[in-house]
Every structure is written in C-alpha cells, then in structure tokens.
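See structure below.
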Amino acid sequence: MSHDPRAMKAPDPNAVARVRALAERRLSAEEFEAYVQAPMSAAEREEILASIAWFTRRYPTPGERLAAARRAYAQWAKGMPRAG
Amino acid sequence: MQGSEFDEAELFRSIAACGARALLIGRRALIALGLPLMTRDYDFWLHADDAALFNAAAAPFDLFPNRSPDEARRFGRYVLENDEKVDVLVARAVSTTGGVQVVFVEVWERRQTIEIATGVRVAIPSLDDLILTKRFGGRPKDAEDIRMLEALRAKEEG
C-alpha cells in the first residue's frame, strides 16, 4: 500500500466540535483567576517573549502581522472540517 | 474561506475615516501588537451612539448588521457578517469575570493608535485596558492571552 507522508487526514468533525466546545466554554471566575494568576516561570516568560520577538522581526509592521495572521488562518481553515 | 480577497487594510481605512469611536479589541489587536495568534473574527467595541456610522463604513465590504442600531444598543452587541465576521460590542460598560465594570468612554480616553497601513491608524485600548477586555469572555483562550499580554507588559515596563 502506498503512503503519502504529506497527506494529513482531516480530523473527525465530532472531535473538532468537542474541542471547540472545550475551548469556548466559559470558566468560573475562580477557575479563570487561578489560570491567570498562576506564577509565570522564567521558561514560560522566555517562550512568550521569544515568540513575540520572532513574530515582530518576521513581520515588522502591524499591517504585515495582521496579513500574516489572515494567511495562517486561511491555511489552517482549509484543513478543518466545516462546523456542523 | 479564502482570507485573501477581502481587503483588510481598506476596511480599517473606512472605519478610521467614518468618525465612529471604534476600538479594535480581541485577538486582532493582540496580533497587531506582536502576539503570534490566530483568529477568525474581528472584534470591535464602539461607543453606543456610533453603530450607524460604523455600519456605513462596513457596508461597502458587504458586511451587514444582524441588528438595527437601536436593537444593538438594547442587546449590547451585534454582528456584521459575510465570509468575514465582525463581532461588535456597543455596551456603555461591560463587566469582567471578576465583576469589574469597564466603561467605554474611559477606555476610549486612554486609547492608543497603531498604523495598519500608510495613513491608516486604528484605535486600540491601552495595554492595561486590553487585558481588562480579555476578562470579558472568561474562556480558556482569554486566560492564555492575558498571560501573553502580562509578559509583554512586564517587558515594556523593563
């Protein structure tokens, strides 16, 4: 059987819907604060700042960043099943 | 969704020129500031009296409101939609998950502007206010975004 390593199988729509529901759920005020107020490790801070540094170096202007985000979203959306 | 035919800079130009007190909030504002995130929607927070001006600016892009300005004021929000989706808050004040009242006119007074294209400036909340607006939704991704904004704020404060 031939196998194309580049071809990614689209995720199951039901699984996508479950993940969406999890990501979009509203947390209680206590849950939300616990997440936001959790101490930030040096590693987490460095990772965040490194990702911002890369993005602003690669796309120096706000307009370029917005355009890049639109392209990235469009690319991502192509591989996703339509929401039921 | 193509994400390329729609002229985003021209939409921002039209909004900037229309005279509406409109703040870009949500992930698009974070992206403009330099946070590498993805989103489908545009999120704006308008002065409650400016929905008609804003709608007129969006109409040439075939973005049409799902509520009249009067209805939108009653509900506090509405949507402009075609292939793109623009979520619009028109509430005079919004509560955060922690119960803090965030008042539009105060956030508008503290706004900053960023240049999206030559001669096109978009208003966004100050960094502190952007963090507050991220507390409106209370979703996990809002909490993640706040952590990124806090790291950015700490860096800017040196």
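For the stretch B:9-26, filtered to residues that are in contact (Cβ under 8 Å) with a residue 60 or more places away in the chain and not aliphatic (A, V, I, L, M), the residue that is farthest from the other protein chains (Cβ to nearest Cβ) is B:Arg21.
Every residue, every condition in (1) small (Gly, Ala, Ser); (2) in contact (Cβ under 8 Å) with a residue 60 or more places away in the chain; (3) within 14 Å of chain A (Cβ to nearest Cβ), yes or no:
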| site | (1), (2), (3) |
| --- | --- |
| B:Arg28 | no, no, yes |
| B:Asp43 | no, no, yes |
| B:Leu63 | no, no, no |
| B:Arg67 | no, no, no |
| B:Phe75 | no, no, no |
| B:Asp83 | no, yes, yes |
| B:Gln112 | no, no, yes |
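When B:Pro36 is tested against (1) touching a residue at least 24 places away in the same chain (Cβ under 8 Å); (2) within 14 Å of chain A (Cβ to nearest Cβ); (3) crowded, with 18+ Cβ neighbours inside 10 Å, exactly one condition is not met: (1). Taken over the stretch B:122-131, the criterion of being in a strand (DSSP E or B) and more than 10 Å from chain A (Cβ to nearest Cβ) is satisfied by B:Ala123 alone. The residues of the stretch B:95-134 that are under 15 Å from B:Phe44 (Cα atoms) and in contact with a Ser or Thr (Cβ under 8 Å, 6 or more places away or on another chain), listed by number, are B:Val102, B:Val107, B:Arg111, B:Gln112, B:Arg121, B:Val122, B:Ala123, B:Ile124, B:Pro125, B:Leu132. Of the residues screened, B:Leu53 is one that is out of contact with any Phe, Trp or Tyr (no Cβ under 6 Å at 6 or more places or on another chain) and more than 21 Å from B:Asp83 (Cβ to Cβ).
When residues in the stretch B:87-110 are screened for being within 14 Å of another protein chain (Cβ to nearest Cβ), closer than 28 Å to A:Tyr59 by Cα and out of contact with any Lys or Arg (no Cβ under 9 Å at 6 or more places or on another chain), 0 of them pass. Quick one: is B:Asp87 outside any strand (DSSP E or B) and either surrounded by 15 or more Cβ atoms within 10 Å (Cβ to Cβ) or on the phi > 0 side of the Ramachandran plot (or both)? No. The residues listed here are B:Val100, B:Val122, B:Val90, B:Val107; of these, the one that is at pLDDT below 95, closer than 29 Å to A:Ala23 by Cα and in contact with a helix residue (DSSP H, G or I) (Cβ under 9 Å, 6 or more places away or on another chain) is B:Val100.
Taken over the stretch A:58-73, the criterion of being surrounded by 15 or more Cβ atoms within 10 Å (Cβ to Cβ) and within 15 Å of B:Asp83 (Cα to Cα) is satisfied by A:Arg70, A:Tyr73. Which ones in the stretch B:132-158 are within 9 Å of chain A (Cβ to nearest Cβ) and among the hydrophobic types (A, V, I, L, M, F, W, C)? Scanning the stretch B:132-158 gives B:Ala143, B:Ile146, B:Met148, B:Ala151, B:Leu152, B:Ala154. Put simply, of B:Leu53, B:Leu35 the only residue that is more than 24 Å from A:Pro62 (Cα to Cα) and not aromatic (Phe, Trp, Tyr) is B:Leu53.
When the stretch B:45-61 is filtered for residues that are under 15 Å from the mean Cα position of the chain (by Cα) and either touching a residue at least 60 places away in the same chain (Cβ under 8 Å) or not in a helix (DSSP H, G or I) (or both), the ones remaining, listed by number, are B:Trp45, B:Leu46, B:His47, B:Ala48, B:Asp50. Residue-level check: of (1) more than 7 Å from chain B (Cβ to nearest Cβ); (2) surrounded by 12 or more Cβ atoms within 10 Å (Cβ to Cβ), A:Lys78 misses just (2).
The values are calculated or read from the model by the stated rules, or taken from the named source; none is laboratory data. The shown structure was predicted, so the numbers you read here are calculated from the model rather than taken from an experiment. Heads up, the Cβs are rebuilt from the backbone with ideal geometry, glycines too, and the neighbour counts pull from every protein chain shown.
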